[in-house]
Each structure stands twice: as structure tokens, then as C-alpha cells.
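Every read-out reported here was derived from the displayed coordinates using simple, explicitly stated rules and does not represent laboratory data. Everything numeric here is computed off the predicted structure, so don't read it as measured data. Cβ coordinates were reconstructed from backbone atoms using ideal geometry, including for glycine residues, and neighbour counts include every protein chain displayed.
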Amino acid sequence: MDSEVDSEVDAGSDAVRLLLGLLADDASGEQLAHVAVETRAQLDPAGMARLEQATELALRIRHTLTEHRRREAELTALFDTARDLSKLRDLDEVLHSIVRRARMLLGVDLSYLSLNDEAAGTTYMRVTDGSVSSLLPKLRIGHGEGLGGLVAQTAHPYASADYLHDPRFSHTTSIDDAVSAERMVGILGVPLSLGSKVIGVLFAADRARREFTAEEVALLSSLADHAAIAIDNAQLLAETRRANETISGHNLEMRRGEDAHDRLMELVLRGEDLVGVATEVASVLGGGLVLFDDSGAELARVDTEPLTTPATAIAASRSSGRAVRSGDEWVCSVVAGPELLGSLVLTGHASLGEADRRLFERASVVAALLLLLRRSVAAAEDEVRGELLTDLLTAPSRNQAALLARGRRLGIDLAAPHTVLIAHCDGVTRRRLAMACGRYATLVGLHAEQVVLLVSDASPRLAAKLAVELGSTVDVLVTVGASGPARGPVLLAAAAAEAARCVRALLALGRAGEGAALADLGFVGQLIGDRTDLDGYVRSTLGPVLDYDARRGTGLVATMRAYFDCGTNLTRAKEQLHVHVNTVVQRLERVSSLLGDDWQSPDRALEIQIALRLHQLHE
């Protein structure tokens with residue numbers, strides 16, 4: 001019998017080691033799942049359940065690693081493209097690089113780029129990558145025709161999961177023949193824009209049905225913005241060659257723009273933060289600079305006083321695609337495709353030459369790239385933090401040392417005391433509420449449809465303060481329950497459960513929009529809490545009266561007890577106390593001065609009567 005058990009244990013251990021080895025060798029999900037199939041006959045049900053659990057964990061780890069590699073590949077491609085553009089010499093070479101990188105970055109079957117012919121009112125194919133027919137490179141599309149013609153006409157991105165069967169577009173024989181020859185199904189097109197002028201379209205297409213995400217539209221739009229800069233640089237170069245009298249000035253401005261673009265892109269590639277890039281832009285343009293996010297919050301400020309967000313100028317810049325003047329300031333929207341990421345405000349320039357204006361606009365493109373990269377990194381960090389929070393709250397005792405180590409890698413000391421809070425609201429998404437909580441918390445995430453925060457602040461009124469500030473941020477009532485401080489995975493998980501009970505109690509009591517810990521809920525907190533502190537409850541409810549009686553030798557507590565026992569009838573209370581009715585009134589007035597005029601309100605009266613009874617039992 002023992003040998004059979006040992007054999008099953010060995011089989012289970014061998015299977016786990018095999019899973020780890022396959023993970024190390026970057027095996028496929030099918031290979032990982034096959035381990036359980038091969039070992040099934042050698043394990044009892046309990047051992048098989050543990051192996052299936054280990055297999056599921058291995059598949060999750062493999063998925064996470066795959067996603068990280070995908071993001072890393074996207075960022076590398078974006079960096080490589082930016083580097084090519086910053087060293088622009090040959091337009092055709094850069095355009096080929098753009099479509100090749102677009103194909104790699106979005107993982108599509110083919111990509112292509114068209115340029116507009118304003119005189120003919122068409123857009124024609126200039127560069128393709130992954131094409132298998134001769135029809136697509138020769139295609140010329142009228143403005144408004146098909147998906148590409150609509151992008152060229154409206155200057156807005158368009159996407160179709162199945163183009164040939166999509167009734168939104170004006171289908172023509174030449175376009176549909178080229179699409180059919182290439183066997184294209186899902187197509188995404190974004191405009192190549194210089195200011196308000198569309199000079200072409202950048203496409204990405206798959207030979208299978210595909211729904212393009214908002215992130216993919218934003219990334220392809222960012223590439224299109226850089227391609228437009230490359231074309232603009234080439235056109236400026238041609239103009240300088242033709243203009244004999246101004247060639248020197250044009251070359252100087254181009255070199256200045258290229259050098260500035262090189263320096264800015266070098267900062268981005270080195271991982272410089274927003275303040276570093278803003279400082280470089282301010283230095284190049286010789287003024288002060290403020291970078292705002294899409295909500296108007298200041299992200300970076302250099303050599304200028306705090307400014308209010310120029311909403312009207314931002315809207316005008318976004319509409320025109322150019323930097324616009326607003327009083328003594330210049331404003332340029334920071335966009336990626338149709339999405340507003342933020343804005344740049346340049347101070348100290350009542351007037352701005354055309355070359356500096358273009359340079360300012362190019363700086364907004366670099367800022368868009370940096371904000372997109374920042375968002376991608378933040379998304380990856382949020383995923384890792386979310387996994388830590390989930391493991392912390394679902395299995396805190398399984399491997400506490402590993403949880404503490406993972407926290408340290410994220411800069412979070414789970415062994416230090418933290419207050420745990422649960423935030424709840426209706427009317428906005430949990431993810432938006434979690435984003436609003438981010439600036440207050442050491443760790444924040446979603447768990448069991450709840451927004452959970454770990455905060456190093458242990459102030460007594462923390463929950464109430466957060467409820468007010470978060471409610472103001474998301475513009476709905478936010479209810480916050482708190483527990484702690486607690487330290488260590490097990491106690492933090494217990495504190496999260498207590499904070500969740502506190503939120504439910506607040507909602508049940510009709511106190512939505514408030515924040516509290518169980519200690520703030522009176523006898524309700526004593527009933528639903530893990531730790532009962534009756535003496536503390538009596539002290540928090542009757543403390544001023546108890547202290548007054550102790551100092552003066554009076555009988556305020558006895559008077560209150562008799563008053564409530566007699567149904568708040570003064571005549572019966574004075575008979576029970578054997579004093580004049582005026583004495584009872586004076587004593588109750590003294591109680592009001594100690595506990596507040598609302599001590600006889602229904603809610604407080606209930607709390608006080610319970611505290612009086614507990615005090616009597618204690619005596």
C-alpha cells in the first residue's frame with residue numbers, strides 16, 4: 001500500500017517538474033495540457049486535482065509571458081520606426097519601413113500606404129507589404145469610394161471586420177476586385193495628416209475576419225503621424241532645393257527640426273520621463289511649457305507658472321490639426337488618431353514663426369508617442385499588480401514568503417502596516433473608480449467585483465475623506481469601508497473581508513456616499529466585526545458623561561437610565577429618582593451640553609440605550 005502511495009506522489013512530482021521544464025522551454029499550451037492526460041492513470045482523484053490545478057497555473061503563466069512578449073515586440077517596433085524617421089534621408093525607404101512595421105506591429109497579413117492626388121481627387125497606392133496580386137499596387141481610389149476613399153475624404157480612421165460585406169462603404173468594381181484578389185477580409189485605414197490636410201492613408205488588413213481594437217487604431221494612427229512627418233520633411237527638402245534665395249534658411253530650419261526630433265526621440269528611447277521631454281522642448285523653443293493629460297490634469301511644467309487648461313484652444317487645435325494661438329500662449333493638442341491624449345501649452349511667445357510652429361507640432365507627436373508608451377507600461381504594471389492583489393486576497397496563507405517577495409519587486413512592503421479599504425459606487429464602471437483610487441493607494445485593483453485599496457495612511461477619518469474626494473472625482477456617491485491597519489498577507493486578507501462587510505453595512509443603513517470603519521458603526525460594527533470591544537464602545541458613546549460623573553460625583557448616567565426606562569417621561573423619571581422635576585431637566589440639559597443636542601434622536605438614542613445597558617451590566 002505504501003509503495004502505491006509513494007508511486008503516486010512520485011508521478012505527481014514528476015508531472016509538476018515536467019510542467020516547469022515545458023514552461024522553461026516555451027512549450028505550447030497544448031503540450032502543457034497534455035501532461036495531465038499522460039499522468040491521469042497514475043494518480044488518485046486528489047492527486048489528479050492538484051495536477052490539474054498546477055496545469056491551470058502553468059497555462060496562466062504562459063499566457064502572461066506571451067502577452068508581455070507581445071507588448072515588448074510592439075514597443076520595439078514603435079521605437080525602431082521612430083528611430084528611422086528621426087534619421088530620414090530617403091522617402092521611399094522610410095515609407096517601406098512604415099508599412100513593414102505596421103504589418104509586424106498589428107500582426108496582419110498585409111499593409112499598404114496610399115498618397116493623395118489633389119488634382120485628380122484620388123488616392124493612389126504608393127507602398128505595399130505582403131501583397132500577392134498585381135491589382136492592389138496599381139489601384140487608384142476616388143475620394144469617398146471604399147474604406148480608403150472615405151478615410152481620405154473625412155480624415156477619420158475607419159475599420160471593417162468584413163469589408164466586402166460591409167454596407168457602410170461605397171463599393172466599386174476596381175476596389176472589390178483588388179480586395180478579392182488579395183483575399184482581404186478585415187481592413188483598418190487611418191489618415192496621413194499634415195495639419196487639417198490629408199495627404200494619404202495607411203492600411204492594415206487581414207485575410208480573415210478581424211475586429212480591430214481601439215488600441216490598435218491608436219498605434220496605427222501614431223505610425224501614420226510619423227509617416228506624415230517623413231513626407232513633410234521630404235517636401236521641405238525639395239522646396240529648399242528649388243528656392244535659391246532661401247535654401248540656406250530652409251536647410252538651417254530643417255537641420256534644427258531634425259536635430260530637435262533626434263534629441264526628443266533619443267530621450268524617449270532612453271526612457272526619459274515627461275518632465276525631461278518637456279524640458280527639452282522648452283529649451284529648443286525658448287519658452288515655458290506645460291503638458292496636460294486628456295482630463296486637464298498637469299503632467300509636467302517647465303519654466304512657467306501654473307496654468308488653467310485652455311479648453312477652447314485645445315478643441316480648435318484638435319479640429320484643425322495645427323498649433324493655435326491663445327492670447328500670449330500657443331496650444332497644440334496631443335492626439336493619436338481620433339483619441340485626445342492631452343495638450344501642450346507654450347508660453348513666452350506672442351508670435352511663433354512657421355518653422356517653430358511646425359517644430360512645436362512635431363513635439364506634440366513625440367508627446368503622443370510617450371503617452372502611449374506610458375499607457376502601455378501602466379497597463380502591464382496594472383496587470384501584475386492585479387495578479388498580486390488577487391493572490392493576496394484569495395490564498396494569503398499558501399505561500400506568504402512568495403507574496404511578500406512579489407510585493408517588494410513592485411515596491412510594496414506587505415509586511416508593513418496598511419489600511420485596507422473597499423470602495424463601492426453605482427453609475428460608473430469599477431475600472432474608472434479604480435483609476436480614480438490610484439493616487440491614494442500603495443496597491444489598488446479589482447477583486448470579486450470590488451475596488452480594493454491598500455493604503456499606508458492609518459488616520460482615523462481616512463475612509464470618510466476618501467468617500468468625499470472620490471465622489472467628487474467620479475461625480476457619483478462613493479461608499480468606502482475601511483479596516484486595519486494590518487500587516488502580512490493573512491491579516492491583510494482578513495482586513496479586506498472586514499472592510500467589505502463594513503461597506504455592506506453602510507449601504508444597508510442607508511449611508512451610501514459615506515466612509516467608515518466598523519468602529520464608526522456603533523453596535524452594528526460590534527455585531528458584524530471580528531473583534532468585539534464592548535468597553536471601547538461604551539467609552540466612545542458615553543465617555544463625556546462618564547468623565548463628568550467621575551469628576552463631579554454627579555448622577556448623570558443614572559438620570560439618563562431612569563429617563564429612558566420611564567419612556568422619556570419626566571414626571572415618572574423624577575419619581576423614580578426621588579428628585580424634583582426641575583433637577584431632572586437640568587441634568588438632561590447638562591447631558592445635551594456633553595453629548596450634543598441630537599443625543600435623543602432615534603439613531604443616537606438607540607446607541608446610547610445599548611451603551612447604558614452594557615455599562616450597567618459591567619457595573
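Details
- Report note on the peptides 595-602, 334-341: ranked by the mean count of other C-beta atoms within 10 Å, highest first, their order is 334-341, 595-602.
- The C-alpha atoms of the range 334-373 occupy a region whose extents along the principal axes are 30, 17, 17 Å, arranged from largest to smallest.
- Applying a DSSP loop filter and a limit of 11 other Cβ atoms within 10 Å to the trypsin sites (Lys or Arg not before Pro) in the range 88-169 leaves ARG89, ARG168.
- Under the simplified labelling scheme, the SER326-GLU354 pair shows an inter-label distance of 2.6 nm, with each label point 7 Å from Cα along Cα→Cβ.
- Here the range 156-227 is described by how far its Cα atoms reach on the three principal axes: 33, 24, 20 Å, from widest to narrowest.
- Gain on full stretching of the segment that runs from HIS171 to VAL468 - 0.36 nm per residue minus C-alpha separation: 101.5 nm
- When peptides 493-504, 316-327 are ranked by their average number of other Cβ atoms within 10 Å per residue, the highest-first order is 493-504, 316-327.
- Length added when fully stretched, ASP565-SER134, from 0.36 nm per residue minus Cα-Cα: 145.4 nm
- Among TYR112, TYR158, a tally of other beta-carbon atoms within 10 Å of each Cβ gives an order, fewest to most, of TYR158, TYR112.
- Per the Kirkwood formula applied to alpha carbons, the range 101-228 shows a radius of gyration over Rh ratio, Rg over Rh, of 0.92.
- Backbone HN-Hα couplings from phi across the range 183-194 [Karplus 6.51/-1.76/1.60, Hz, Gly and Pro as x]: 6, 6, 10, x, 9, 10, x, 10, x, 9, 10, 10
- Debye-sum result for the range 534-618 in log10 I(q)/I(0), which assumes one identical scatterer on each alpha carbon, at q = 0.19 Å⁻¹: -0.82
- Two numbers describe the Cα atoms of the range 427-471: Rg and Dmax, which are 10.4, 29 Å.
- Distances between placed amide hydrogens fall under 5 Å for VAL335 paired with LEU341, all partners being 5 or more residues away or on another chain.
- Whole-Hz couplings from phi, Karplus 6.51/-1.76/1.60, listed for the range 290-295; x for Gly and Pro: 10, 10, 10, 8, 5, 8
- Note on ARG551 and LEU509: the model spin-label points, each 7 Å out from Cα along the C-beta direction, lie 2.8 nm apart.
- Computed 3J(HN,Hα) for the range 91-99, one whole-Hz value per residue from the Karplus formula 6.51 cos²θ - 1.76 cosθ + 1.60 where θ = phi - 60°, is 5, 4, 4, 5, 5, 5, 5, 4, 5, glycine and proline marked x.
- Computed on the Cα trace of the range 410-528, the radius of gyration divided by the Kirkwood hydrodynamic radius gives Rg/Rh = 0.94.
- Residues LEU612, LEU194, arranged from fewest to most other Cβ atoms within 10 angstrom of their Cβ, appear as LEU194, LEU612.
- Cα-based shape type of the range 292-373, given that a ≥ b ≥ c are square roots of the gyration tensor eigenvalues and the cut on a/c is 1.5: rounded
- When each of LEU95, LEU466, LEU477 is scored by the number of other beta-carbon atoms lying within 10 Å, the sequence from fewest to most is LEU477, LEU95, LEU466.
- One decimal place: the segment SER13-ARG209 gains 66.2 nm when fully extended, by the rule 0.36 nm per residue minus the C-alpha distance.
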